[in-house]
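> Dropping a structure here in structure tokens format, bear with me for questions.
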């Protein structure tokens, strides 16, 4: 198999692990945060800028690319890597999350999901087989099984049926999948019920996928509930396979996820808030578009060495954002993704040199919340 | 004086010249096209990207920066170069063109112009002295005298009064200007009347400015009329001083301006049309957002060696533009500015090696119009 995982180090005091995800498009040190490139571009960033913040893997979206420009076009272009000029690794999600987010615009059956496009209202059906066909055309290094991302809150009976269907869909995805240089990961569901999380994990583990995602979290539930679900799920997963927590991208959730054994993360938050003039720092959020920063000639973050913080002031970036200038959101996006990348690199380093428990304690004190030791 | 001009070569068969504009922020080979950074940023481009296309000088706008973020803020930031992280040369216009473009929202008196802000409707008055104060605070290498950019068409009496006022304002600008490391250029007006163009030039030449702009052209008149006005004006200008044609930025107008002795140009067109999904090529315009390019895997311009054309296809760029992705307009903007920069570099090279008349003939044949030899 062209995608594999090497476990390099496990933290004795916590669940944290450092590893390397080997892909046809290079090695990815883990734990890793994957910037989100929904429509075959990480909003505001060029591929070169992604490389310069150390990104080795990005995520793109099956649902969006299927609707526009269409997977056959991307196949004709030579695949997603070539289409978007990105030489690093790519993971495509299955579209499950997006389709289920459409709410009243979709109908779920055993065969698949029928929905209306958010672009033009046209009707489409995604089935497990179709989702694999699309992802094979896109050609990402890692592809995801079609799942139902159940709403929160949802009652137990609904979740029980839903996770069983997700398992049947995962099996159909595996049966349909032919492309040998792609790894197909399954997605564990189970809502906010620890026993159903375990049940979903058990069912999918029996099918022996090369990697497992935990889905249906970070959907509005309290953070402690998310951590509880991770604790119910992750210990069941094999040590030698990568684990991916979907939709998580704040520094506190990332640290807590790592401490519970997660290797991979993705989230639109760092790039989305950047476009609204909000930046992430090691000391919290800073809404640089606000008035107090109008004449603040300090960098976004004083102890940050990124391209943005070395060259631009809060006053300039605020001006750009107020004036609706593209460079403004380019700079905030770059800073946020750099921050997350260097935060994750620091965590990885600490796992390898044995200081993660200390770092984790410091981070928790700083965040002022999280699991007690 | 910290800004000076060296004339390197004159084309015997045409009015074309090659020179070097020496500024406190580096030498600028001429003829040159200056990308427009209205609000202290060239829309969509980073300073590093501007350098990579060979830009040595950019233009920024007094009117816009006075209103937002305010010239005192930029002074406090250490000047415009530092504020926007641009080490190359900067020219600021005087705000004359913008203020007069406000139409019914402004009143002209001998003292100056009172107008309402396009941002919040607040009332402001720009006088020659105020315009110099603002431009000194911004700290550009080259600043422009406050002028009236008269409407087109306009009757002869109006233009006659207007150009005389522009001369009086230029004199007041010169009297107010104190900053020795900035060059103050005057702007020749005169509408579409050759004798009034000559009259404006004579009045301003008597005041002995270090450089002269031709303003009030490219305002909707036929191209031949613009060329006629240049022919009436440029021969009166001293050989040893730079000449700047304001608001011109299509390849045919650039070539025709150079052939008539112009050294400097600026225009929002290359960047503005880029944001609408239209790119410039040596063979004409290409509206890459249009349907026929959906599955066109060629570069924007097949014989172009720019970063964009080496790495991206029309199909990808069209996808980005249709999906409202920022990278789309970044790529079209980069290509257009690269095209103009390399077009001007080729013209300069041909002037130096004596082949400009030949190149000019070829270009005119390609454009299918322009002055006959």
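No value in this document is a laboratory result; all are computed from the given coordinates. Because the structure is a prediction, the values reported are computed rather than measured. Cβ placement follows ideal geometry from the backbone for every residue including glycine, while neighbour counts extend to all protein chains displayed.
> Taking a quarter of the surface of the Cα convex hull of region A:187-244, what do you get in nm²?
Quarter of the Cα hull surface area: 3.4 nm².
> Here is a further query. Of all DSSP beta bridges located in chain A, what percent are antiparallel, nearest 5?
Of all bridge pairs located within chain A, approximately 50 percent are antiparallel.
> Rounded to the nearest Å, what's the spacing between the alpha carbon centres of region A:1-41 and region B:1-50? Just the number, please.
Their Cα centres are 48 Å away from one another.
> Taking the Cα centre of each part, how many Å lie between region A:74-148 and region A:216-265?
When both Cα centres are located, 23 Å separates them.
> A further question on this structure: Step by step: find N for region A:113-201, compute 2.2 N^0.38 Å, then divide the Cα radius of gyration by it. What's the final number?
Cα Rg divided by the expected 2.2 N^0.38 Å: 1.18.
> Something else: Quick check on region B:145-257: take the gyration tensor over C-alpha atoms, sort the square-rooted eigenvalues as a ≥ b ≥ c, and tell me if it's rounded (a/c under 1.5), prolate or oblate.
Oblate, since a/c reaches 1.5 and b/c is not below a/b.
> Checking a compactness column here: for chain A, what do you get for Rg(Cα) / (2.2 N^0.38 Å), N being the number of residues?
Normalised Cα radius of gyration, chain A: 0.97.
> In the Gaussian network model of chain A, springs joining C-alpha atoms below 10 Å, which of A:221, A:302, A:136 carries the largest mean-square fluctuation?
Comparing A:221, A:302, A:136 in a Gaussian network model of chain A, the most mobile one is A:302.
> For the protein assembly as shown, max minus min Cα coordinate along each principal axis, in Å, sorted largest first?
Extents along the principal axes: 90, 53, 45 Å.
> May I ask what percent, to the nearest 5, of DSSP beta bridges between residues of the protein assembly as shown are antiparallel?
Given both bridge residues lie in the protein assembly as shown, the antiparallel proportion sits at roughly 50 percent.
> In deg cm²/dmol and to the nearest 500, what is the mean residue ellipticity at 222 nm of chain A if only DSSP H runs of at least 4 residues count, each as -39500 (n - 2.57), divided by the residue total?
The helix contribution divided over chain A gives -12000 deg cm²/dmol.
> I've got another one for you. Over region B:88-151, what number does the Rg to Rh ratio reach, with both radii from the alpha-carbon atoms and Rh per Kirkwood?
0.98
> Along Cα→Cβ, 7 Å out, is where each label goes; now give me the distance between the ones at residue A:362 and residue B:116 in nm to one decimal.
With each label point 7 Å from Cα toward Cβ, the separation is 5.7 nm.
> Oh, and also: Would you please state which residues of region B:48-81 a label at residue A:310 would reach in this model, taking the label point 7 Å out along Cα→Cβ and a backbone N cut-off of under 16 Å?
Backbone N within reach: B:48-49.
> Can you give the relative contact order of region A:255-342 as a percent, counting alpha carbon pairs under 8 Å and 6+ residues apart?
Once divided by the residue count of region A:255-342, the mean separation gives 31 percent.
> Any idea what the relative contact order of region A:1-158 is, in percent, if you count C-alpha pairs under 8 Å spaced at least 6 apart?
Averaging sequence separation for qualifying contacts and normalising by length gives 20 percent for region A:1-158.
> Here is a follow-up. How many partner chain Cβ atoms sit within 10 Å of a residue's Cβ in peptide B:325-333, on average, as a whole number?
Mean shielding by partner chains, rounded to a whole number: 5.
> OK, next. Note down the nm distance, to one decimal, between modelled labels 7 Å out along Cα→Cβ at residue B:123 and at residue B:295.
6.2
> Just to verify a number: FRET efficiency for residue A:2 and residue B:174, C-beta to C-beta distance, R0 = 60 Å, to 0.05?
0.25
> Can I ask one more? What FRET efficiency comes out for residue B:108 versus residue B:355 if R0 is 45 angstrom and r is the Cβ-Cβ distance? Round to the nearest 0.05.
0.45
> Can I ask one more? How big is region B:203-352 by Rg and Dmax over its Cα atoms, in Å?
That works out to 18.0, 60 Å for Rg and Dmax.
> Taking 8 Å as the Cα distance limit and 6 or more residues as the minimum spacing, I'd like the relative contact order of chain B as a percentage.
18
> Mind running the shape call on region A:41-160? Use the C-alpha gyration tensor, a ≥ b ≥ c as the square roots of the eigenvalues: rounded below 1.5 for a/c, prolate if a/b tops b/c, oblate otherwise.
Because a/c hits 1.5 or more and a/b exceeds b/c, region A:41-160 counts as prolate.
> Per residue and in cubic angstrom, what volume does the convex hull of the Cα atoms of region A:298-373 have?
Expressed per residue, the convex hull around the Cα atoms of region A:298-373 is 110 Å³.
> Now for a separate question. Within 10 Å of each Cβ in A:38-46, how many Cβ atoms from other chains are there, averaged over the peptide?
Other-chain Cβ atoms within 10 Å of each residue's Cβ, averaged: 6.
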